[in-house]
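Enquirer: Quick one: this structure, given as structure tokens, is what I'll be asking you about.
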Amino acid sequence: MDKTNCCRILDRHGINYRLLKYEIDENALDAVTVADKLGLPHEQVFKTLVFKGDKTGYFTVLIPAGREVIPKKAASVSGNKSCSILPLKELFPLTGYIRGGCSVIGMKKSFPVYIDISAGLFDEICISPGKRGLQIMVNPDSICNITNGR
């Protein structure tokens, strides 16, 4: 499999990960579908969401498949009074990634990363390495370390 920018960054930092491949369905790019295709619990597959806060600017959130971010809570955690999800048309120009293939690792620019506390329940979580049809299993502490995630 071709390595993504995310994979190259993990390699450079000596972080272990496993690449997983799945069949892409352009009509079902959501994390729940990906989890089901990989046979993984929804709680172990994390999706990347990008937000814009009114005070701090852009930030990213990693949450389990099937869960939704409450904007008011995301704003509070990130030091904002309010925030909104990044419009889809702005995702690629800002991050270099497309919907269904957005990773917190290897974006065009580094943004603050907030990881749902439930990630700590697993030795490995599944995240996008920046390409549709691929996922990686990686230790959540490694993600925190490489992204300065909280």
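Enquirer: With the requirement that a residue be without any contact (Cβ under 8 Å) to a residue 24 or more places away in the chain and either of a type in the set (Lys, Arg) or in contact with a helix residue (DSSP H, G or I) (Cβ under 6 Å, 6 or more places away or on another chain) (or both), what does the range 36-68 give you?
Expert: The answer is Lys37, and nothing else.
Enquirer: Can you tell me which of Ile15, Ile24 is open to solvent by less than 60 Å² (accessible area, probe 1.4 Å), β-branched (Val, Ile, Thr) and not in a helix (DSSP H, G or I)?
Expert: Ile15
Enquirer: Can you tell me which residues in the range 125-143 are in contact (Cβ under 8 Å) with a residue 24 or more places away in the chain and either among the small types (Gly, Ala, Ser) or open to solvent by 40 Å² or more (accessible area, probe 1.4 Å) (or both)?
Expert: Within the range 125-143, Ser128, Gly130, Lys131, Arg132, Gly133, Asn139, Ser142 meet the criteria.
Enquirer: Further, regarding this structure: Residues to consider are Arg18, Arg99, Arg8, Arg12; find the one that is within 15 Å of the chain's Cα centre (by Cα) and of a type in the set (Lys, Arg).
Expert: Arg99
Enquirer: Still on this model: Of the residues in the range 109-150, how many are under 14 Å from Val34 (Cα atoms) and more than 13 Å from the chain's Cα centre (by Cα)?
Expert: Summing the residues that are under 14 Å from Val34 (Cα atoms) and more than 13 Å from the chain's Cα centre (by Cα) in the range 109-150 gives 1.
Enquirer: Criterion first (among the polar types (S, T, N, Q), touching a Gly at 6+ places or on another chain (Cβ under 7 Å) and open to solvent by 60 Å² or more (accessible area, probe 1.4 Å)) does Thr56 satisfy it?
Expert: Against the criterion (among the polar types (S, T, N, Q), touching a Gly at 6+ places or on another chain (Cβ under 7 Å) and open to solvent by 60 Å² or more (accessible area, probe 1.4 Å)), Thr56 qualifies.
Enquirer: While we're here: Looking only at residues in the range 69-124 that are hydroxyl-bearing (Ser, Thr, Tyr) and either free of Cβ contacts under 8 Å to residues at least 12 places away in the same chain or in a loop (DSSP other than H, G, I, E, B) (or both), which one is nearest to Glu26 (Cα to Cα)?
Expert: Tyr97
Enquirer: Next up: Quick check: anything in the range 74-81 under 22 Å from Leu134 (Cα atoms) and either at pLDDT 95 or above or open to solvent by 70 Å² or more (accessible area, probe 1.4 Å) (or both)?
Expert: no
Enquirer: For the range 30-44, check the following and say yes or no: at least one residue is in a loop (DSSP other than H, G, I, E, B), within 20 Å of Leu94 (Cα to Cα) and either of a type in the set (A, V, I, L, M, F, W, C) or open to solvent by less than 80 Å² (accessible area, probe 1.4 Å) (or both).
Expert: No, there is no match, as no residue in the range 30-44 is in a loop (DSSP other than H, G, I, E, B), within 20 Å of Leu94 (Cα to Cα) and either of a type in the set (A, V, I, L, M, F, W, C) or open to solvent by less than 80 Å² (accessible area, probe 1.4 Å) (or both).
The values are calculated or read from the model by the stated rules, or taken from the named source; none is laboratory data. As the structure is a prediction and not an experimental result, all values here were calculated from the model. We place every Cβ from the backbone using ideal geometry, glycine too, and count neighbours over all the protein chains shown. Note: areas computed on protein heavy atoms with side chains; ligands, DNA, RNA excluded. Shrake-Rupley method; radii C 1.70, N 1.55, O 1.52, S 1.80 Å.
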